[in-house]
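**Student:** Let me begin by handing over the structure; questions about it come next.
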Amino acid sequence: MRRGTAGTQSQALLLSASLAALAMFTVIPSTARAADEQATSAPKVLRYAIRAAETGFDPAQVTDLYSRNVTAGIFDAPLRFSYLSRPYRLEPAITDGMPEISDDARRFVFKLKRGVLFSDDPAFKGKKRELVADDLIYTIKRHYDPRVKSGHLYRFEGAKILGLSEVRAESLKNKTPFDYDRPVEGLRAIDRYTVEMRIANSDPRLLYHFADPMVGIVAREVVEAYGDRIMEHPVGTGAWKLGEWRRSSRIVLERNPNFRDERYHEDAATAKPELADAVRRLQGRKLPLVDRVEIAVIEEAQPRWLSFLRKEFDMLDDLPSEFAPIGMPQNKLAPNLAKDGLKAVRYERADVAISYFNMEDPVVGGYTPEKIALRRAIAMGVDLDQEIRLPRRGQAIPAQGIISPGVTGYDNAFKSEMSQFDRARAKALLDLYGYVDKDGDGWRDLPDGSPLVLDYSTQPDGQNRQLAELWQKNMDALDIRIRFKIAKWPENLKAANAGKLMMWGMGWSADVPDGENFLGLGYVGSKGQSNKSRFDLPEYNALYRQQHGMPDGPERLAVMTRAQKLLIAYMPYKVHVHRIFTDMTQPWVIGYDKNLYQRDFYTYVDIDTDALAKAHVKK
């Protein structure tokens, strides 16, 4: 879009057209919204929408972003990241001070706060239930239970909690239930509120994972009461409880009446300057600041964006890239939106947008030279500039490797073949290794003469349709047939974890501010978890384990870079881009900022009911 008057007029026309179309996509009647919150005495409700369906709410099982964002509010992990502090800083959540670390980061002692209560549930038989040391031990052990199928086990396995791997191995070998009551050297309750953990491998960054929703603490009697339905019955000690749930449609969180007396205590000095007034205004207030959170699942970008413009949502979680030229022209908040008091938070999420190749698939998998050549040729045939310019609308940067900006291990000077687009070279590589048209139908075949057909899994939303169109165009140019298998996100995730997809385009966001989180995508220990490609290379696995125990510094960075280079050479993943996101809030939302690692932002923001009422009266 050109700069100047013509561009401004064009943006105005696009915005007008979007608003004119809104009637077709209304999600929540605005009159009902105004009626709900006209009176300042009415409960404060924060409303927003997400763009992919949830999978459930069991901390050990869920791996998708949106489910984890919900579990983060229902369950307490032992630690958390300060909501507004930058750089990111760990702080106690339900521990009495920070854990004690000794023996070269092989011994950790967690002292839990007293009086932390679970939300009420029939599993407790009418009694208040206090969180104790055994709950943290049980929560960790669940990741080792083969029946749970934890998507996070590899993080603990990297540290090797003494004795737990053996209990898991015995359960798998004998096909018997995991023995939760068997004592292990690496995990024991010193007293009712104190847990000692011992690990075999020095892990200087292990505490990061104890601020992650995967260690959201659960009660054993709740898990046993609901059994296979535990994904539907989250019961934790967090600020929220699940009030209502319509799968893939609506999630409602309500205040947990048993939540402890936790107060807003952010530090204006370490927050962004524009949040200083909000920090002072909210200081000392009891958390959570609102009474109810209503989350709608709206997969299509247009109705999600337009409903926000109509003030039916208080915030927009991730401005759809196709509307970035309207909402954020030249990456700045549109003047008309700024005039209305809207605010924008633009950020790099520390993530990668990837397409993976199933390394166990007979067509695209394998470690022989001709299989490596096929994957590298396909990757080299992807036009990233066009992808960034068109479906992503400039809201991304090309990726050089699997590690994203914003985490330890990222090297801004690192350049690689990963971002290269070279159609001629890709064709030459295919020709060299025998991927030529053997039957005269115009399409390349496998070296043995059988058809070469790619099956690429994707989702039915607008942006993924556009990305699929580019894949079609890019592969047509290489004379490679490609078919698209369309399913909802949870269905693709389940199939990917089971190794049933040939290729899938997806995103992966960092759980902790460290590059090991991305290197885990290629580690054998996370196969079927984060390692969707099922990549298994001994040399890579050794490098992964080596960097795991190293302190941060140039030596560790060098090992991480070598590991990245192996992923580029073998190409189990085509890493497309690192995405840039924008969240927006209405004028009445107080105190919002994007914290990549403190996911329950809705606990720390408030609604100015007077401003909200005035906005709806104006409307």
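The values are calculated or read from the model by the stated rules, or taken from the named source; none is laboratory data. Since we're looking at a predicted model, the values are computed, not measured. Ideal geometry is used to build each Cβ from the backbone, glycine not excepted, and the neighbour counts take in all protein chains shown.
**Student:** So if I check each of Ala268, Ala276, Ala225, which one is modelled with pLDDT of 95 or more, touching a helix residue (DSSP H, G or I) at 6+ places or on another chain (Cβ under 7 Å) and over 15 Å from Phe75 (Cα atoms)?
**Tutor:** Ala225 is the lone residue from the list that is modelled with pLDDT of 95 or more, touching a helix residue (DSSP H, G or I) at 6+ places or on another chain (Cβ under 7 Å) and over 15 Å from Phe75 (Cα atoms).
**Student:** Hey, another quick one. State all residues of segment 394-424 that are among the hydroxyl-bearing types (Ser, Thr, Tyr), out of contact with any helix residue (DSSP H, G or I) (no Cβ under 7 Å at 6 or more places or on another chain) and outside any loop (DSSP other than H, G, I, E, B); if no residue qualifies, say none.
**Tutor:** Thr408
**Student:** Within segment 269-292, which residues are in contact with a Lys or Arg (Cβ under 8 Å, 6 or more places away or on another chain) and touching a residue at least 40 places away in the same chain (Cβ under 8 Å)?
**Tutor:** Selection gives Thr270, Ala271, Lys272, Arg285, Leu287, Pro288, Leu289, Val290, Asp291, Arg292.
**Student:** Would you confirm whether any residue within segment 555-571 is assigned to a strand (DSSP E or B), touching a residue at least 24 places away in the same chain (Cβ under 8 Å), touching a strand residue (DSSP E or B) at 6+ places or on another chain (Cβ under 8 Å) and not polar (S, T, N, Q)?
**Tutor:** No, because not a single residue in segment 555-571 is assigned to a strand (DSSP E or B), touching a residue at least 24 places away in the same chain (Cβ under 8 Å), touching a strand residue (DSSP E or B) at 6+ places or on another chain (Cβ under 8 Å) and not polar (S, T, N, Q).
**Student:** Report whether or not Arg86 is charged (D, E, K, R) and either surrounded by fewer than 23 Cβ atoms within 10 Å (Cβ to Cβ) or not assigned by TED's automatic domain parsing to the domain that holds Tyr180 (or both).
**Tutor:** yes
**Student:** Take Lys339 and decide whether it is closer than 27 Å to Gln598 by Cα and surrounded by fewer than 21 Cβ atoms within 10 Å (Cβ to Cβ).
**Tutor:** Against the criterion (closer than 27 Å to Gln598 by Cα and surrounded by fewer than 21 Cβ atoms within 10 Å (Cβ to Cβ)), Lys339 does not qualify.
**Student:** Please give the number of the condition Ala542 fails out of (1) part of a helix (DSSP H, G or I); (2) small (Gly, Ala, Ser); (3) touching a helix residue (DSSP H, G or I) at 6+ places or on another chain (Cβ under 8 Å).
**Tutor:** That leaves (3) as the condition not met.
**Student:** Among strands (runs of 3 or more DSSP E) lying entirely in segment 96-191, which contain 1 or more residues that are in the same structural domain as Lys527 (by TED's automatic domain parsing) and out of contact with any strand residue (DSSP E or B) (no Cβ under 8 Å at 6 or more places or on another chain)?
**Tutor:** Those strands (runs of 3 or more DSSP E) do not exist here; none qualify.
**Student:** Within segment 147-173, work out how many residues are touching a residue at least 40 places away in the same chain (Cβ under 8 Å) and among the acidic types (Asp, Glu).
**Tutor:** Number satisfying all stated conditions: 1.
**Student:** Mind checking whether some residue in segment 532-540 is in contact (Cβ under 8 Å) with a residue 60 or more places away in the chain and within 15 Å of the chain's Cα centre (by Cα)?
**Tutor:** yes
For (1) among the charged types (D, E, K, R); (2) outside any loop (DSSP other than H, G, I, E, B), each residue gets a yes or a no:
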position	(1), (2)
Met231	no, yes
Ser248	no, no
Glu254	yes, yes
Phe259	no, no
Glu266	yes, no
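**Student:** Go through (1) modelled with pLDDT of 95 or more; (2) over 24 Å from Ile372 (Cα atoms) one by one and return the number of the condition Asn531 breaks.
**Tutor:** Among (1) modelled with pLDDT of 95 or more; (2) over 24 Å from Ile372 (Cα atoms), Asn531 violates only (2).
**Student:** Within segment 446-460, track down each residue that is crowded, with 19+ Cβ neighbours inside 10 Å and of a type outside the set (A, V, I, L, M, F, W, C).
**Tutor:** Tyr456, Ser457, Thr458, Gln459
**Student:** Could you check segment 374-393 and list, in sequence order, the residues that are β-branched (Val, Ile, Thr) and either more than 24 Å from the chain's Cα centre (by Cα) or assigned to a loop (DSSP other than H, G, I, E, B) (or both)?
**Tutor:** If the condition is that a residue be β-branched (Val, Ile, Thr) and either more than 24 Å from the chain's Cα centre (by Cα) or assigned to a loop (DSSP other than H, G, I, E, B) (or both), then Ile378, Val382 are the ones that fit.
**Student:** Run down Phe81, Phe108, Phe156, Phe75 and say which single residue is within 28 Å of Pro513 (Cα to Cα) and either in contact with a His (Cβ under 7 Å, 6 or more places away or on another chain) or modelled with pLDDT under 95 (or both).
**Tutor:** So the residue among Phe81, Phe108, Phe156, Phe75 that is within 28 Å of Pro513 (Cα to Cα) and either in contact with a His (Cβ under 7 Å, 6 or more places away or on another chain) or modelled with pLDDT under 95 (or both) is Phe156.
**Student:** Of all residues in segment 339-373 being modelled with pLDDT under 95 and in a loop (DSSP other than H, G, I, E, B), which is farthest from Gly528 (Cα to Cα)?
**Tutor:** Only one residue fits best here, namely Arg349.
**Student:** While we're looking at this one, here's another question. Any residue at all in segment 593-607 that's crowded, with 19+ Cβ neighbours inside 10 Å, on the phi > 0 side of the Ramachandran plot and not β-branched (Val, Ile, Thr)?
**Tutor:** No, every residue in segment 593-607 fails to be crowded, with 19+ Cβ neighbours inside 10 Å, on the phi > 0 side of the Ramachandran plot and not β-branched (Val, Ile, Thr).
**Student:** Please work out which residue is surrounded by the fewest Cβ atoms within 10 Å (Cβ to Cβ), limiting yourself to segment 468-498 and to residues that are under 20 Å from the mean Cα position of the chain (by Cα) and within 17 Å of Ile354 (Cβ to Cβ).
**Tutor:** It comes out as Ala495.
**Student:** If you take the residues of segment 30-72 that are out of contact with any Ser or Thr (no Cβ under 9 Å at 6 or more places or on another chain), farther than 24 Å from Asp318 by Cβ and not hydroxyl-bearing (Ser, Thr, Tyr), which of them is modelled with the highest pLDDT?
**Tutor:** Step by step, filter segment 30-72, then rank; the result is Pro43.
**Student:** Shifting gears a bit: If you go through segment 503-516 one residue at a time, do you hit one that is at pLDDT 95 or above, assigned to a helix (DSSP H, G or I) and within 16 Å of the chain's Cα centre (by Cα)?
**Tutor:** Yes, because at least one residue in segment 503-516 is at pLDDT 95 or above, assigned to a helix (DSSP H, G or I) and within 16 Å of the chain's Cα centre (by Cα).
**Student:** Is there any pair linking a residue in segment 450-475 that is farther than 15 Å from Ala487 by Cα and assigned to a strand (DSSP E or B) to one that is of a type in the set (Phe, Trp, Tyr) and modelled with pLDDT of 95 or more, with Cβ under 9 Å and at least six apart or on different chains, and which?
**Tutor:** Qualifying pairs under 9 Å: Pro451/Trp443; Val453/Trp443; Leu454/Trp471.
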